[in-house]
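Asks: Below are the structure tokens for one structure; questions will follow.
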Amino acid sequence: MGSMQPGLQDAAKAILMLRSEMAQREARMNASFNQQVQSLREDASRFRRDVADIVSGAGSQIAKEAKGAISPVAAEYDRAVSTTSAHLQEASKTVWLWFGAAGSILLLVLLVGWAVLGYYRRELSAIQDELQRYENALPIVQAFTASDAVLCGGRVCVNIDPDGQRIGDKRQYRQARPRP
């Protein structure tokens with residue numbers, strides 16, 4: 001495809017930087033979430049051990065009541081963790097969809113740019129060929145203009161200079177007189 005135009009390079013760099021930033025942000029969110037989940041689990045585990053210690057010292061009735069009070073909190077905690085995990089997975093899918101869309105758009109822009117570049121290359125080649133034909137015809141037009149010549153019946157008629165130079169393999173051609 002050759003070298004990309006500066007605008008396409010800037011767009012590609014911007015998309016790659018956006019992708020990198022979004023991937024870093026997702027990694028930080030995952031790390032933070034995992035750290036908070038681990039901290040909550042440790043807190044819950046510590047809380048359960050503390051309750052178990054208190055319950056073991058008290059009677060079986062106190063142990064039943066304490067466990068009954070903690071169970072809804074633990075269930076709520078598990079539900080909150082599950083909900084947060086589901087939201088995080090949904091956000092991750094959205095990020096990947098955006099990356100896919102951005103990549104598709106970049107690919108489309110590159111294909112269109114390549115097609116336009118090919119079109120302009122062909123046009124430029126045709127114009128260069130035409131310019132070369134004009135440049136090749138220029139000495140002939142200049143000589144015709146400088147000579148006392150006219151078009152007559154699809155041919156060139158000239159006013160021959162009797163003292164003019166003779167050319168050709170049989171010296172059959174003579175120069176025309178200069179235009180007055």
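The values are calculated or read from the model by the stated rules, or taken from the named source; none is laboratory data. Keep in mind it's a predicted model, so treat the numbers as computed, not measured. All Cβ positions, glycine included, derive from the backbone under ideal geometry; neighbour counts span all protein chains shown. In case anyone asks, the SASA skips ligands and DNA or RNA and just uses the protein heavy atoms, side chains included. Shrake-Rupley method; radii C 1.70, N 1.55, O 1.52, S 1.80 Å.
Asks: If we keep just the residues of the range 1-22 that are touching a residue at least 60 places away in the same chain (Cβ under 8 Å) and in a helix (DSSP H, G or I), which is farthest from the chain's Cα centre (by Cα)?
Replies: Taking the range 1-22 first, the residues touching a residue at least 60 places away in the same chain (Cβ under 8 Å) are 1-2, 4-5, 8, 11-12, 15, 18-19, 22.
Keeping just the survivors that are in a helix (DSSP H, G or I) gives 8, 11-12, 15, 18-19, 22.
Values: Leu8: 6, Ala11: 6, Ala12: 4, Ile15: 7, Leu18: 12, Arg19: 12, Met22: 17 Å.
Filtering first and then ranking leaves Met22.
Asks: In this structure, is Leu88 closer than 30 Å to Arg19 by Cα, in contact with a Gly (Cβ under 9 Å, 6 or more places away or on another chain) and in a helix (DSSP H, G or I)?
Replies: On the way: closer than 30 Å to Arg19 by Cα: yes; in contact with a Gly (Cβ under 9 Å, 6 or more places away or on another chain): no; in a helix (DSSP H, G or I): yes.
No; evaluated as a whole, the condition is false for this residue.
Asks: Out of Ser104, Ser39, report the one residue that is surrounded by 10 or more Cβ atoms within 10 Å (Cβ to Cβ), without any contact (Cβ under 8 Å) to a residue 60 or more places away in the chain and under 22 Å from the mean Cα position of the chain (by Cα).
Replies: Numbers: Ser39 fails: under 22 Å from the mean Cα position of the chain (by Cα).
Of the residues listed, the single one that is surrounded by 10 or more Cβ atoms within 10 Å (Cβ to Cβ), without any contact (Cβ under 8 Å) to a residue 60 or more places away in the chain and under 22 Å from the mean Cα position of the chain (by Cα) is Ser104.
Asks: Moving on. Can you go through Val51, Val73, Val55, Val109 and tell me which one is surrounded by 11 or more Cβ atoms within 10 Å (Cβ to Cβ), modelled with pLDDT of 85 or more, part of a helix (DSSP H, G or I) and of a type in the set (Val, Ile, Thr)?
Replies: Numbers: Val51 fails: modelled with pLDDT of 85 or more; Val73 fails: modelled with pLDDT of 85 or more; Val55 fails: modelled with pLDDT of 85 or more.
Criteria check complete, one pass: Val109.
Asks: Let me ask something additional. If I filter the range 112-138 down to residues being open to solvent by less than 60 Å² (accessible area, probe 1.4 Å) and not aliphatic (A, V, I, L, M), which single residue comes out as farthest from the chain's Cα centre (by Cα)?
Replies: Filtering the range 112-138 down to residues open to solvent by less than 60 Å² (accessible area, probe 1.4 Å) leaves 113, 115, 117-118, 125-126, 137.
Within this subset, residues satisfying the condition of being not aliphatic (A, V, I, L, M) are 113, 118, 125.
Details: Gly113: 10, Gly118: 18, Ser125: 27 Å.
Ranking the candidates gives Ser125 first.
Asks: I'd like to verify a number: residues in the range 139-180 that are open to solvent by 90 Å² or more (accessible area, probe 1.4 Å) and within 55 Å of the chain's Cα centre (by Cα), how many?
Replies: Of the residues in that region, 2 qualify.
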